1. Give just the number: which of (1) at pLDDT below 95; (2) among the β-branched types (Val, Ile, Thr); (3) within 17 Å of ALA189 (Cα to Cα) does VAL323 not satisfy?
2. Do we find that TRP226 is farther than 27 Å from SER420 by Cβ and either surrounded by 15 or more Cβ atoms within 10 Å (Cβ to Cβ) or out of contact with any Gly (no Cβ under 6 Å at 6 or more places or on another chain) (or both) in this structure?
3. Does the stretch 49-59 hold any residues that are crowded, with 22+ Cβ neighbours inside 10 Å and not in a helix (DSSP H, G or I), and which are they?
4. ILE162 is checked against (1) buried (at least 24 other Cβ atoms within 10 Å of the Cβ); (2) modelled with pLDDT under 95; (3) touching a Gly at 6+ places or on another chain (Cβ under 7 Å) and fails just one. What number does that condition carry?
5. What tally of residues in the stretch 343-371 results from selecting those that are surrounded by fewer than 18 Cβ atoms within 10 Å (Cβ to Cβ) and assigned to a helix (DSSP H, G or I)?
6. Taking the stretch 236-267, which residues are part of a helix (DSSP H, G or I), surrounded by 15 or more Cβ atoms within 10 Å (Cβ to Cβ) and aliphatic (A, V, I, L, M)?
7. Scan the stretch 341-357 residue by residue and report those that are under 22 Å from ALA110 (Cβ atoms), of a type in the set (Gly, Ala, Ser) and without any contact (Cβ under 8 Å) to a residue 60 or more places away in the chain.
8. Being without any contact (Cβ under 8 Å) to a residue 60 or more places away in the chain and farther than 25 Å from VAL120 by Cα narrows it down to one of VAL322, VAL379, so name that one.
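The values are calculated or read from the model by the stated rules, or taken from the named source; none is laboratory data. As the structure is a prediction and not an experimental result, all values here were calculated from the model. For neighbour counting, all protein chains shown are included, and Cβ atoms are generated from backbone atoms with ideal geometry for every residue, glycine included. Each accessible area value is taken on the protein alone, full model and side chains, heavy atoms only, with ligands, DNA and RNA left out. Shrake-Rupley method; radii C 1.70, N 1.55, O 1.52, S 1.80 Å.
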Amino acid sequence: MTTVATALQGIAPHSRDRTAQALRLWPVVAITVAAVLVMSLPNLADPFIRYDDYPALLAQPELFWGKTLHEGRWINYLWHLREVVTPAWLNFAVYQVLWAVLAGALAVAAMGREGRAWYVAVLALFILVAPPATLISLWFNTLIPGLAIVAVYAVLGCRLSIGTHRALLPFFVILSFWAYTTYPLILLAVCLVRTERRSLRDLIGLCVLFVVSFAAAILLTYTLNWQFHGVFGVPLDDWRQATPATDLSGMIANLPILAETLSFLMVKFSFMFTPAAYFHVAMLIGATLVLIRQAPREAMYLHAGLWLGMALMMLQVLKLGVVAPSRSFLFVWIFYAVMVVRAAALLARTPGIADRMARNFTLLIVLSYMVHTFSLYTVYRPWQVETRAMAQAIKAAEGPVLVYGDVTSLSTAKAVGLLSERALAFRMEQLTGQRIMLCQTAPDQCAKAEDSGAPVFTVEVATTGAQVHLSYPK
């Protein structure tokens, strides 16, 4: 275990003044906070919420309990136990600010040594516009505590000595794992980018420390599940339709699922614009070549973190036989962003055409993805408008509210990729405090309500021309 000891030992500080670095953090965070709030404007006042994020908004722990068994998310369950229920707009704003703090801290940790504010700000914004971050932000109510844990560790990376910071890694890995299983890979990125004196021995020690911490998190999760559920493990829920592999042949049979995962990842990273996917691959290769030539040890650290994370993800896909969602690959974009901007900063030492092209391409990615992110958040507004209109209609309704038809066939539901018609029921509870009956999934209950003779308020999914919308009684 000498490699772990090496990773934990106090490493001699770089000539950089750590106090000055910490002071540089908050101006960068101010930029990222302003940027993320501007990008989020279409979704700030009335944020869209995925259906399985509503239990966190409404503080209903009984609806989240199953995820402790099937996903090991114990920190999130504790969050559901809180007694104070805050509005969705406040939760979304807090979540986005935490993401902005994390992006700023990562940028300062990676670029602080350069002392060039422009590159620090650009890297922070490059991380901020990560497509996986936008995708996962729709579960903001659930993920607030986990993102806060990761953000705190990133900020500590700008203030503590390397030895102290790494000593905290196991504790933060376990806590963040209980919030979202790939959050620990962001912690690894923080440790790798802020390392000052790099060596192969130090890199091995840090990777071993991380793997041991990750294994401990898994073991503790299994233990908690055994204690509270009587199951030593994290069995996947039935809806995932997993094909778990028990041997090498089973993992080979799951290779198409891995290919599908990677294909989805490239699609999401490029916002479904294929040329952009090839552009990102070219940028990654170009940045890697620059780093290998001018900062080979830094290239070694960054690629070690990237491919260690990818190896863990690919192993999970092959072993479990399920497609990993693209939002779980946030760490990939972080490593990609650091490589590209660090390469641009190194090229700036010798101004020329390569330097100008690197800066222009970097700015192109940042600005275009800021626009794309803003545009993506506007997609959810029609659904919010339609459901607010429904809430207004049923507020004065007497008796139960019955909804007939396939809610997921609504034009606004298709536009937002509604994952379950239960989202409408939760949405009405959020807006009115009333519960509605979805007659497609509970026909018997609706029939009993109709037959009781008591007044009911009926809402139907109606089609008018090319549009499918909600229809109310006159």
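1. Unmet for VAL323, out of (1) at pLDDT below 95; (2) among the β-branched types (Val, Ile, Thr); (3) within 17 Å of ALA189 (Cα to Cα): (3).
2. So TRP226 fits the description; yes.
3. Across the stretch 49-59, the qualifying residue is only ILE49.
4. (3) is the only condition that ILE162 fails.
5. 13
6. Across the stretch 236-267, the qualifying residues are MET251, ILE257, LEU258, LEU262, LEU265, MET266, VAL267.
7. Listed by number, the residues that qualify are ALA343, ALA354.
8. VAL379
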